[in-house]
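What follows is a set of notes on a single structure, which appears directly below.
The values are calculated or read from the model by the stated rules, or taken from the named source; none is laboratory data. As the structure is a prediction and not an experimental result, all values here were calculated from the model. As a convention, Cβ positions derive from the backbone with ideal geometry for all residues, glycine included, and neighbour counts pool all protein chains shown. Surface areas here come from the heavy atoms of the whole protein model, side chains and all, with no ligands, DNA or RNA. Shrake-Rupley method; radii C 1.70, N 1.55, O 1.52, S 1.80 Å.
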Amino acid sequence: MIHASNGEEALAWCKRQVADVLVTDIQLPGGIDGWQIAERCREHDPGLPVIYVTGFSPVQARAVAGSLSLQKPYHPEDIVRAAKEVGKGRRAPD
């Protein structure tokens, strides 16, 4: 598991690593939100599964292929179940 404290850190990491699943809050500190992180990470890995989490988002959740949304608060088993679901059949990019 990799942790980034803001959107800029997440994007820097995303350019260097391959992830099985991206879990991101929608609303983040700084100038980059979770939607933008997922879009930019998917430029490098189009099939990257994404789990969006939010306790509050001024933006209505939008359907994104290969993604799920979880509302905070959630239980740890919810995130594990979501990761398994979006990660089914996942192959790392070549």
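Couple of notes before you dig in:
- Secondary-structure-derived ellipticity at 222 nm for the chain, considering helices only, amounts to -10500 deg cm²/dmol, per-run term -39500 (n - 2.57) for DSSP H runs with n ≥ 4.
- Rolling a 1.4 angstrom probe over the chain with all protein chains present gives an accessible area of which 54% lies on carbon and sulfur atoms.
- Residues Arg81 and Phe56, FRET efficiency given R0 of 30 Å [Cβ-Cβ distance, rounded to 0.05]: 0.85
- Dividing the mean sequence gap of close Cα pairs (under 8 Å, 6+ apart) by how many residues region 1-71 holds gives a relative contact order of 30 percent.
- HN-Hα J in Hz across region 46-56 - Karplus 6.51, -1.76, 1.60, θ = phi - 60°, x for Gly and Pro: x, x, 4, x, 10, 10, 9, 10, 7, x, 7
- The residues of the chain expose, per residue, 66 Å² of accessible area to a 1.4 Å probe.
- Among Ser67, Ser5, the order of accessible area from largest down is Ser5, Ser67, computed with a 1.4 Å probe on protein heavy atoms.
- Between amide H atoms placed 1.01 Å from N, distances below 5 Å from Val53 occur with Thr24, Asp25, Ile26, Leu70, all of them 5 or more places distant or on a separate chain.
- Sparsely packed chymotrypsin sites (Phe, Trp or Tyr not before Pro) within region 5-88, loop by DSSP, other Cβ within 10 Å at most 16: Phe56, Tyr74
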